[in-house]
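Asks: Mind looking over this structure? Questions follow.
The values are calculated or read from the model by the stated rules, or taken from the named source; none is laboratory data. All of these numbers come straight from a predicted model, not from anything done at the bench. Counting neighbours? That spans all protein chains shown, and the Cβs are built from the backbone with ideal geometry, glycine included.
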Amino acid sequence: MAKPACLIRAEQPLATDLTAADRSTISLAGSASSRLRDVVFVVNPRGSNGRTGEQWKKLLPYITSRLGSDCNICESLTSGPCHAIDITREAIREGAQAVVAVGGDGTLHEVVNGFFWGGEPVASHDPKSSHKTALGLIPLGTGSDFARTYGWKNDPHDAIERIAKGLRSRIDVGVISGESGDPHYFINEADIHLSAKAGYYASRYKKFGNLCYVIGALQAFFRHQNRDLRIKVDGGEWEVCSQVTALCVGNAKYFGGGMKIAPNADPSSGNFEVVILQDFRWHDFILNLHKLYNGTHLSVKNVFSRSVQSIEVEEIIPSDSIYVQSDGEYLGFLPRKFCILPGAIEMIC
Ligand SMILES: Nc1ncnc2c1ncn2[C@@H]1O[C@H](COP(=O)(O)OP(=O)(O)OP(=O)(O)O)[C@@H](O)[C@H]1O
């Protein structure tokens, strides 16, 4: 079975102390003023197959002119997977007004994980500080699925206007715990089995844009076997879910580059929408693909949806053939429990 590219462990003590190199990646693009609050832009130059970095270079002068009189613009380019987590933690500790993820869902996922450490929200070093750091997003990824729930396009100018207005809304965050108990956070979707395997393969074909998800799904069906799982919802009794093709825990509506998998999910509701596909074959997937994209698949035979605050999942016969991803990032283990943290982050919406 494939190994995850990077395992985010929010309790890793290493992450508390940033190296000088980490600090130096946060640079001020405008003229810094101590009166103004910092807005830290965490940019993945490799997002969308390198297009994010190119777009960012053109965007920075506009951001400086649009926002520079109200805040210190801090630019921080990530050097590789997981770097965005450390940058975010450091920015929050230094009292940033906002940390803005610039890239796709993977970058947003890492920034969200940077809002937590040791199972707790990260706080400013300054005990007198009363403000909370907000999360912002300039969606510039391949799928940019989280943004779709809000109707946001990959249009950076719209995103900059949202940041300029600065309206905040509390949104829920999902927390995943494995056997070791190390928490791992997600903001969009966590999903198990076929869809996660499809996402894993899709990541190899990002140069084809959104088509990567269809290629990934077709490849995932090759040698795919549905699995019997048991689930426990909101601490109730264990229930058997036979022949599960995919189980999706939606905090927001979309995954896989625009599939509206959890059409009733709302990141401000305090609940996940869990959608379970059972006993699907590749031809069921093809026949219902248009319904998955427009969110009308809940009426299809063997598709079940429910609103939950927590769900525990186990394989009835343990195997190492179950793929799991959170926000499109491959996890590499079947976590025990998915719980909602209501209103855990203030987002610039
Ligand atoms: N400097 C870097 N070099 C290579 N990979 C990086 C770098 N910085 C971040 N990454 C990794 O790139 C991955 C993908 O980035 P991102 O999600 O921004 O773009 P995307 O995959 O094109 O978009 P989407 O996830 O919306 O489909 C992230 O998971 C992150 O770990």
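Asks: Under 7 Å between Cβ atoms, which residue pairs at least 6 apart in sequence (or on different chains) link something in the range 179-202 that is over 11 Å from residue 213 (Cα atoms) and in a loop (DSSP other than H, G, I, E, B) with a partner that is polar (S, T, N, Q) and at pLDDT 90 or above?
Replies: Cβ pairs passing all conditions: 187/251; 188/251.
Asks: Taking the condition among the hydroxyl-bearing types (Ser, Thr, Tyr), in contact (Cβ under 8 Å) with a residue 60 or more places away in the chain and either assigned by TED's automatic domain parsing to the domain that holds residue 48 or surrounded by 23 or more Cβ atoms within 10 Å (Cβ to Cβ) (or both), does residue 88 pass? Step through it out loud before you land on a result.
Replies: Details: among the hydroxyl-bearing types (Ser, Thr, Tyr): yes; in contact (Cβ under 8 Å) with a residue 60 or more places away in the chain: no; either assigned by TED's automatic domain parsing to the domain that holds residue 48 or surrounded by 23 or more Cβ atoms within 10 Å (Cβ to Cβ) (or both): yes.
Taking the combined requirement at face value, the residue does not satisfy it.
Asks: Could you figure out which of (1) more than 12 Å from the ligand (Cβ to nearest atom); (2) under 30 Å from residue 208 (Cα atoms); (3) in contact with a Gly (Cβ under 7 Å, 6 or more places away or on another chain) isn't true of residue 151?
Replies: All conditions are met except number (3).
Asks: Across the range 48-100, which residue is nearest to the ligand (Cβ to nearest atom) among those that are among the polar types (S, T, N, Q) and outside any helix (DSSP H, G or I)? It would help to see each step written out before you state the result.
Replies: So in the range 48-100, the residues among the polar types (S, T, N, Q) come out as 48-49, 52, 55, 64-65, 69, 72, 76, 78-79, 88, 97.
Then drop every residue that is not outside any helix (DSSP H, G or I), which leaves 69, 72, 76, 78-79, 97.
Working: 69: 29, 72: 23, 76: 11, 78: 4, 79: 5, 97: 22 Å.
Applying the filter and picking the extreme gives 78.
Asks: Still on this structure, please answer the following. Look at the range 203-221 and say how many of its residues are farther than 15 Å from residue 258 by Cβ and either touching a residue at least 12 places away in the same chain (Cβ under 8 Å) or more than 14 Å from the ligand (Cβ to nearest atom) (or both). Let's see the steps before the verdict.
Replies: Initially, the range 203-221 is screened for residues farther than 15 Å from residue 258 by Cβ, giving 203-205, 207, 218-221.
Still in the list and also either touching a residue at least 12 places away in the same chain (Cβ under 8 Å) or more than 14 Å from the ligand (Cβ to nearest atom) (or both): 203-204, 207, 218-221.
Final tally of qualifying residues: 7.
Asks: Mind checking which pairs have a first residue in the range 249-268 that is on the phi > 0 side of the Ramachandran plot and a second that is of a type outside the set (Lys, Arg), Cβ under 6 Å, 6 or more apart or different chains?
Replies: Pairs found: 256/213; 257/143; 257/210; 257/213.
Asks: Also, quick follow-up: Select from the range 154-178 the residues that are within 16 Å of the ligand (Cβ to nearest atom) and assigned to a loop (DSSP other than H, G, I, E, B) and list them in ascending order.
Replies: Scanning the range 154-178 gives 154, 155.
Asks: Please go through (1) modelled with pLDDT of 95 or more; (2) more than 16 Å from the ligand (Cβ to nearest atom); (3) outside any strand (DSSP E or B); (4) under 19 Å from residue 162 (Cα atoms) for residue 39 and return the number of the only condition it doesn't satisfy.
Replies: Single failed check for residue 39: (3).
Asks: Yes or no: residue 145 more than 14 Å from the chain's Cα centre (by Cα), within 16 Å of the ligand (Cβ to nearest atom) and under 19 Å from residue 258 (Cβ atoms)? Explain how you work it out, then say what you get.
Replies: Numbers: more than 14 Å from the chain's Cα centre (by Cα): no; within 16 Å of the ligand (Cβ to nearest atom): yes; under 19 Å from residue 258 (Cβ atoms): yes.
Answer is no for this residue.
Asks: I would also like to ask the following. Residue under question is residue 240, and the condition is that it be out of contact with any Phe, Trp or Tyr (no Cβ under 7 Å at 6 or more places or on another chain), of a type in the set (Val, Ile, Thr) and in a helix (DSSP H, G or I); does it hold?
Replies: Numbers: out of contact with any Phe, Trp or Tyr (no Cβ under 7 Å at 6 or more places or on another chain): yes; of a type in the set (Val, Ile, Thr): yes; in a helix (DSSP H, G or I): no.
When the stated conditions are applied, residue 240 does not pass them.
Asks: Cβ-Cβ below 8 Å, separation at least six or inter-chain, first residue in the range 311-331 and more than 13 Å from residue 191 (Cα to Cα), second more than 16 Å from the ligand (Cβ to nearest atom) and part of a loop (DSSP other than H, G, I, E, B): which pairs?
Replies: Pairs that qualify, where the first residue is more than 13 Å from residue 191 (Cα to Cα) and the partner is more than 16 Å from the ligand (Cβ to nearest atom) and part of a loop (DSSP other than H, G, I, E, B), are 314/334; 314/336; 315/322; 315/334; 320/1; 321/1; 321/225.
Asks: Moving on to the next point. When you check residue 247 against the structure, is it surrounded by 16 or more Cβ atoms within 10 Å (Cβ to Cβ), assigned to a helix (DSSP H, G or I) and aliphatic (A, V, I, L, M), yes or no? Steps first, please.
Replies: On the way: surrounded by 16 or more Cβ atoms within 10 Å (Cβ to Cβ): yes; assigned to a helix (DSSP H, G or I): no; aliphatic (A, V, I, L, M): yes.
The answer is no for residue 247.
Asks: Does residue 120 count as surrounded by fewer than 21 Cβ atoms within 10 Å (Cβ to Cβ) and at pLDDT below 95? Quick ask: steps written out before the conclusion?
Replies: On the way: surrounded by fewer than 21 Cβ atoms within 10 Å (Cβ to Cβ): yes; at pLDDT below 95: yes.
Criteria met by residue 120.
Asks: Any residue at all in the range 222-234 that's in contact (Cβ under 8 Å) with a residue 40 or more places away in the chain, of a type in the set (Phe, Trp, Tyr) and either assigned by TED's automatic domain parsing to the domain that holds residue 303 or surrounded by 23 or more Cβ atoms within 10 Å (Cβ to Cβ) (or both)?
Replies: No - not one qualifying residue is present in the range 222-234.
Asks: Being free of Cβ contacts under 8 Å to residues at least 12 places away in the same chain and among the small types (Gly, Ala, Ser) is the filter here; which residues of the range 129-171 pass it?
Replies: If the condition is that a residue be free of Cβ contacts under 8 Å to residues at least 12 places away in the same chain and among the small types (Gly, Ala, Ser), then 130, 147, 151 are the ones that fit.
Asks: Report yes if residue 289 is modelled with pLDDT under 95, of a type in the set (A, V, I, L, M, F, W, C), surrounded by fewer than 18 Cβ atoms within 10 Å (Cβ to Cβ) and farther than 30 Å from residue 136 by Cβ, otherwise no.
Replies: Yes, satisfied.
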